1. Which ones in the range A:77-91 are of a type in the set (G, A, S) and within 14 Å of chain E (Cβ to nearest Cβ)?
2. Among the residues of the range E:139-150 satisfying the criterion of being in a loop (DSSP other than H, G, I, E, B) and modelled with pLDDT of 95 or more, which is farthest from the other protein chains (Cβ to nearest Cβ)?
3. Out of the range E:177-189, which residues are of a type in the set (D, E) and crowded, with 22+ Cβ neighbours inside 10 Å?
4. Quick check on the range D:113-123: of everything there that is under 28 Å from D:A8 (Cβ atoms), open to solvent by less than 10 Å² (accessible area, probe 1.4 Å) and of a type outside the set (V, I, T), which residue is nearest to the other protein chains (Cβ to nearest Cβ)?
5. Quickly run through the range D:139-155 and pick out the residues that are touching an Asp or Glu at 6+ places or on another chain (Cβ under 6 Å), open to solvent by 10 Å² or more (accessible area, probe 1.4 Å) and more than 17 Å from D:R107 (Cβ to Cβ).
6. Can you name the residue in the range C:124-138 that is within 17 Å of the chain's Cα centre (by Cα) and surrounded by 19 or more Cβ atoms within 10 Å (Cβ to Cβ) and is also nearest to the other protein chains (Cβ to nearest Cβ) among such residues?
7. Identify, please: which residue in the range D:156-183 is assigned to a loop (DSSP other than H, G, I, E, B) and of a type in the set (D, E, K, R) and is, among those, nearest to F:W100 (Cα to Cα)?
8. Going through C:G169, C:G174 one at a time, which residue ends up being open to solvent by less than 40 Å² (accessible area, probe 1.4 Å), more than 17 Å from C:T16 (Cβ to Cβ) and within 17 Å of the chain's Cα centre (by Cα)?
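The values are calculated or read from the model by the stated rules, or taken from the named source; none is laboratory data. Please read these numbers as outputs of a predicted model, since none were measured by experiment. Cβ atoms come from the backbone with ideal geometry, glycine included; neighbour counts cover every protein chain shown. Remember, those area values only see protein heavy atoms, side chains included, never the ligands or the DNA or RNA. Shrake-Rupley method; radii C 1.70, N 1.55, O 1.52, S 1.80 Å.
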There are 6 protein chains.
Amino acid sequence: MDDTQFLARIRAELFTCVIGDVMDTMGLIHQFLPPRIRPVDPDMVIVGRAMPVLEADCATPRIGHLDEHRAFGIMFDALDDLKRDEVYVCSGGSDTYAQWGELMSTRAAKLGAAGAVLNGRHRDTLGIRRLGFPTFSFGPYGQDQGVRGRVIDYRCTIEFPNGVRVHTGDIVFGDIDGVVIVPHSKEQEIIDAALEKVRGENKVRSAIEDGMSTRDAFDKYGVM
Amino acid sequence: MDDTQFLARIRAELFTCVIGDVMDTMGLIHQFLPPRIRPVDPDMVIVGRAMPVLEADCATPRIGHLDEHRAFGIMFDALDDLKRDEVYVCSGGSDTYAQWGELMSTRAAKLGAAGAVLNGRHRDTLGIRRLGFPTFSFGPYGQDQGVRGRVIDYRCTIEFPNGVRVHTGDIVFGDIDGVVIVPHSKEQEIIDAALEKVRGENKVRSAIEDGMSTRDAFDKYGVM
Amino acid sequence: MDDTQFLARIRAELFTCVIGDVMDTMGLIHQFLPPRIRPVDPDMVIVGRAMPVLEADCATPRIGHLDEHRAFGIMFDALDDLKRDEVYVCSGGSDTYAQWGELMSTRAAKLGAAGAVLNGRHRDTLGIRRLGFPTFSFGPYGQDQGVRGRVIDYRCTIEFPNGVRVHTGDIVFGDIDGVVIVPHSKEQEIIDAALEKVRGENKVRSAIEDGMSTRDAFDKYGVM
Amino acid sequence: MDDTQFLARIRAELFTCVIGDVMDTMGLIHQFLPPRIRPVDPDMVIVGRAMPVLEADCATPRIGHLDEHRAFGIMFDALDDLKRDEVYVCSGGSDTYAQWGELMSTRAAKLGAAGAVLNGRHRDTLGIRRLGFPTFSFGPYGQDQGVRGRVIDYRCTIEFPNGVRVHTGDIVFGDIDGVVIVPHSKEQEIIDAALEKVRGENKVRSAIEDGMSTRDAFDKYGVM
Amino acid sequence: MDDTQFLARIRAELFTCVIGDVMDTMGLIHQFLPPRIRPVDPDMVIVGRAMPVLEADCATPRIGHLDEHRAFGIMFDALDDLKRDEVYVCSGGSDTYAQWGELMSTRAAKLGAAGAVLNGRHRDTLGIRRLGFPTFSFGPYGQDQGVRGRVIDYRCTIEFPNGVRVHTGDIVFGDIDGVVIVPHSKEQEIIDAALEKVRGENKVRSAIEDGMSTRDAFDKYGVM
Amino acid sequence: MDDTQFLARIRAELFTCVIGDVMDTMGLIHQFLPPRIRPVDPDMVIVGRAMPVLEADCATPRIGHLDEHRAFGIMFDALDDLKRDEVYVCSGGSDTYAQWGELMSTRAAKLGAAGAVLNGRHRDTLGIRRLGFPTFSFGPYGQDQGVRGRVIDYRCTIEFPNGVRVHTGDIVFGDIDGVVIVPHSKEQEIIDAALEKVRGENKVRSAIEDGMSTRDAFDKYGVM
């Protein structure tokens, strides 16, 4: 099974909640990105490999003439470097401008990328929807990043405000319940345990539907 | 008319805004839960009786081995104790984990409960939607409560951060415009006045559609 | 081309993002209202002329008997004064009550107004949707403004918390990506430049779809 | 013992913490004003009777010509109406302007008022210190209220954002640990119980200094 | 009178509040920096000319090996370029690292600079106090800027989050009540009006001390 | 040199900033507790070994009769278990009640503890100052923890909201610039490097005082 098939299996059989549960029991308790990061369309799902991007925000916008080459600079390099099944994961942080839009989505889709995850906002919502390019963000905002922020590095390790670290190559899994990061070094163990837990939860669900109390169900199956 | 019929009439003829207006005029100005608490699906409506649950949040997660029996403890008791037409109303407070999910919804639905209202997040959004179990929360987040929070009491009086108190047996009414609490002791007076106000608003609406100014409409009908 | 036709052309051919980009290059960097202000329905669009309304919030609600004439006072005058193609733009600021609802929408629609934009919340979501009256706000909340806020002026210049100023007669343009204010005095220059930029972006999109890198596309077309 | 003597005894023998403890045991759990409200000088103490003032904040400042009579209006009436031993308690709410300053302090001191408590900021810090007029606020900020806020009522009941209500005549007690409100109707019972508790705490302190464990001390004296 | 004497007169005869009042009446309502920016010692005063510095914050720290030359880069140039009577005014924005410390103060003092104003934190509090170098900030925090932020420009126009713009050469005036910016182009008019207003306030103070009501004093002197 | 002497040397020769700098270069970038945690008196210093305490906050206070034994329960055990040179480090999290006060300080001092560090508030400020017991917190607030929070574990690993972990036995070092945690396993290496860096900074300071530019000083000494 190659990596694309492996990622496809995660998409087909798992969901983010169960992966989070499994990592909690392993002591990996900082793996969900902040709850503000939501899919542009509720049925968008991302499963791919992280290509982290480090963005710095100007607390105050750059006022006056805009040198567009310097403004966008390394962002073009980061975008053009995306590989098949990779996810553009931007550290961002600002609420006041968009780090991603339709033209960036168009390029990323052309390169076979799996999606974009932004610790910040996107724009061109209608264009992104038309493309169906999976994008997770704080929500839409039309204000551009040109004078307000700057990509300063990529393929580096980044860290989200809630302490989640993302390394190049980690699995990025996003669905309706949020975005979870699966560290590359432990991914096989985590995915196997999650597949196992799904089976346990199905038994609990059936038992509860048949009238079993949650306490009895937990005592019997050890899963909740 | 039994209580189930009484609650059904509220659902059929009233909406939360008009009930809030009536309570404002009675000086009951803290009856809407915080605006962050929203329905999982926009057309979900809850009308039921409060079963309050007191949850404490760990500011910092419990790190290391998880004793699952202690972690979930009294939550199972609270859930299994739900009665027909009751609403699980959890004080919670944290933005960073889910207090409610699909399996809990499955059990609550089995017991005839009317819904769940959370001062915090839910998870398993797709499962809750499939069940159609009315749930109001800050929104979805897959991170589990096991290491992050704990139910410490239920069938007690709780208070939301904006000062709204919820007692066991109060009416909980949630729709697209929020969740309002109707104190049990004054519920008949409030519901009667709300039914009356709805009739007044219908007249104002017709008058405005016929071109009457808002000032004239308010002077004539005393409602806006 | 009269003003209604001019506004209709903006609606047909432009979107808020491109207008923001054009104003950024002119040094007009504070023209988007705060990102919390969202359409009630995602496909609502507003293009109209600003009729600014200044609202003061009571940090603490007025407790006790409500003098409804004083409570709503000048709000009725502001509402009844709306002209065709105008937008009710309310400075508000509070998260805890609704500044707009169904009856206000009914009156505004009757007067030919183009929409309502609130630095705060709306209520009667279902009624507003039924009317299809374009409304942008922080989201729904049923709690009424009667005891919580007060309109104190209108047709005055107002300023949003992020520094955006709105003068009577400025163009208000809201779509899925936010609400942008086009100053009346420079509107012709801005709209012309935006129409031009849209043409440039279409070329970039085609080039990227044909496989051109973002760097090459920016170097060739000077647009991104 | 007249009221001035009664207030002086509170100042001499009690402190805010013990009064809060006593009210907690009576179920009066919302009596401390928000923790942001601090004394201008750490050794300032207020003991007096509340004269509540209701202030509305403009979310956006009033831009353009300032009508100073309308701007300050009822604030002058409120200030000139202060009686001996009363405290100017302003609901305010804004972080961005001062509700109180040196000239107001000068007038209040002349009238024998006991202090000012602001849910907001003060200015003229040096002047207030020179006067030694007890003032509690969010801290200093030189920006004036003229174009930013407005007193709209006084000698009314007000409510702080954390749910504390202040009625005309309630005891206002502020020291280094915060500001606590003692409801007029229960003040005798509360003050008596606090005087009693202070005696118990002295015994616990001595016991702990002699080496008793906190558990033993609590078991023996029932106070902590 | 040369510029150093002009600045000294402001320091000797004026204070920030009165300058803010004068600018409010001229419609210059965004001239006070945010209230979080406080003097390191309460008696520190700054009067000087702005030398603005633009800093970008990494939402997430740079993890891994630190290239110190790149990390501090242009900050050294900005610091070494300070002229006599100038103030280092840094846009910053982050709460989580220090933009200023003892060694920077030592260099700035050597160059005759008038102070430092930070939209962020300082460190080495004891060293700064020993030097007596006037510094205004969010408060102390020992965490260094090396991996967390970066100076990207200086002698440029910057803008604070509350909309205040600072240009090279504007007067920066900070005292116990905050920091106010006087635009260079209107400074003579503003300073003259402030000197005049101080005289009026002295009359009002005397009148109030003699028992005049605030309403009468305002009616007679037009100042409050 | 025993541990008490080792801690005394840190107190005598080092300060928190330099320890943070050294850990930054080692990639230990999350070692400062949040900047809100400040000394009760500015000259208080803590150097000791962590005794972590896990506290859960009730988002809503417990209303009604207070079972004081359950309310304080394990807190007494934690407090009575403090050893010489240990620091009570409480995870807390709430802004609305005090986790520490005079009687707790009295007991801790009796046991030879080195201080208390609270992710929350303290009370009895005057009593703590009289004792001179080193306490770091969000600031004073008289409201008691009885009905608002609960200690649920101690001598466990805790984590602060900004991601700093504290294990039993780590060095806790607090001074005017904040509180930094030195992991026990690397403490010798860190302290040695900090002592070395202090010597380098002294040379830089002298050079700058002699007129060397910051750029030249950094190029020559590699320290800033």
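1. At the first step, the residues of the range A:77-91 found to be of a type in the set (G, A, S) are A:78, A:91.
A:S91 - this is the single residue of the range A:77-91 that is of a type in the set (G, A, S) and within 14 Å of chain E (Cβ to nearest Cβ).
2. Narrowing the range E:139-150 to residues in a loop (DSSP other than H, G, I, E, B): E:139, E:141-143, E:145-148.
Filter again for modelled with pLDDT of 95 or more, leaving E:139, E:141.
Details: E:G139: 7, E:Y141: 4 Å.
Only one residue tops the list, namely E:G139.
3. Of the residues in the range E:177-189, the ones of a type in the set (D, E) are E:177, E:187, E:189.
Answer for the range E:177-189, where residues must be of a type in the set (D, E) and crowded, with 22+ Cβ neighbours inside 10 Å: just E:D177.
4. Let us first name the residues in the range D:113-123 that are under 28 Å from D:A8 (Cβ atoms), namely D:113-119, D:122.
Of the ones still in play, those that are also open to solvent by less than 10 Å² (accessible area, probe 1.4 Å) are D:115-119, D:122.
Next cut, of a type outside the set (V, I, T) only: D:115-116, D:118-119, D:122.
Working: D:G115: 17, D:A116: 14, D:L118: 11, D:N119: 6, D:H122: 9 Å.
Ranking the candidates gives D:N119 first.
5. D:P140
6. In this case the residue turns out to be C:F138.
7. From the range D:156-183, those assigned to a loop (DSSP other than H, G, I, E, B) are D:156-157, D:160-164, D:167-170, D:176-177, D:183; that's our starting set.
Adding the requirement that they be of a type in the set (D, E, K, R) leaves D:170, D:177.
On the way: D:D170: 28, D:D177: 12 Å.
Among them, the one singled out is D:D177.
8. Numbers: C:G174 fails: more than 17 Å from C:T16 (Cβ to Cβ).
Checking each option against the conditions leaves just C:G169.
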